[in-house]
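Have a look at the structure below before the remarks.
The values are calculated or read from the model by the stated rules, or taken from the named source; none is laboratory data. As the structure is a prediction and not an experimental result, all values here were calculated from the model. Note that each Cβ is placed from the backbone with ideal geometry, even for glycine, and that neighbours are counted across all protein chains shown. Surface areas here come from the heavy atoms of the whole protein model, side chains and all, with no ligands, DNA or RNA. Shrake-Rupley method; radii C 1.70, N 1.55, O 1.52, S 1.80 Å.
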Amino acid sequence: LIRPQRKREKESQKMRNNLQVGDEVTTSGGIVGRVVSLREDTVVVETGSDRSKIRVKRWAIQSNETLHDTEA
């Protein structure tokens, strides 16, 4: 039971570490947007038609919807 959970945590951490500017992401709170800026522990996400920017912690990124060539 512990091994699959650690594997999922490891994959999530790898995804967060490999974020790039321009990626489409979803936060754990359900906010969908595009990565504008990356810092060590925070990510600036641009969302909505009015292009409002939100700064979120890196751990709050739940999924990356952008496919990269290196993952294929």
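Of the residues Arg55, Arg51, Arg3, only one is exposed (fewer than 10 other Cβ atoms within 10 Å of the Cβ) and of a type outside the set (A, V, I, L, M, F, W, C); which? Testing whether each residue is exposed (fewer than 10 other Cβ atoms within 10 Å of the Cβ) and of a type outside the set (A, V, I, L, M, F, W, C) leaves just Arg3. Of the residues Ser49, Ser63, the single one that is touching a strand residue (DSSP E or B) at 6+ places or on another chain (Cβ under 8 Å) and not charged (D, E, K, R) is Ser63. Please determine, by comparing only the residues of region 58-72 that are exposed (fewer than 14 other Cβ atoms within 10 Å of the Cβ) and charged (D, E, K, R), which one is nearest to Asn18 (Cα to Cα). Restricting to residues being exposed (fewer than 14 other Cβ atoms within 10 Å of the Cβ) and charged (D, E, K, R), the top hit is Glu71. Pairs only if they're at least six apart or on different chains, beta carbon under 7 angstrom, first in region 20-43 and free of Cβ contacts under 8 Å to residues at least 24 places away in the same chain, second open to solvent by 80 Å² or more (accessible area, probe 1.4 Å) and assigned to a strand (DSSP E or B); list them, first residue then second. Filtered contacts from region 20-43: Val36/Lys53; Asp41/Lys57; Thr42/Arg55; Thr42/Lys57.
Of everything in region 13-36 that is over 14 Å from Ala60 (Cα atoms) and among the β-branched types (Val, Ile, Thr), the residue that is surrounded by the most Cβ atoms within 10 Å (Cβ to Cβ) is Val36.
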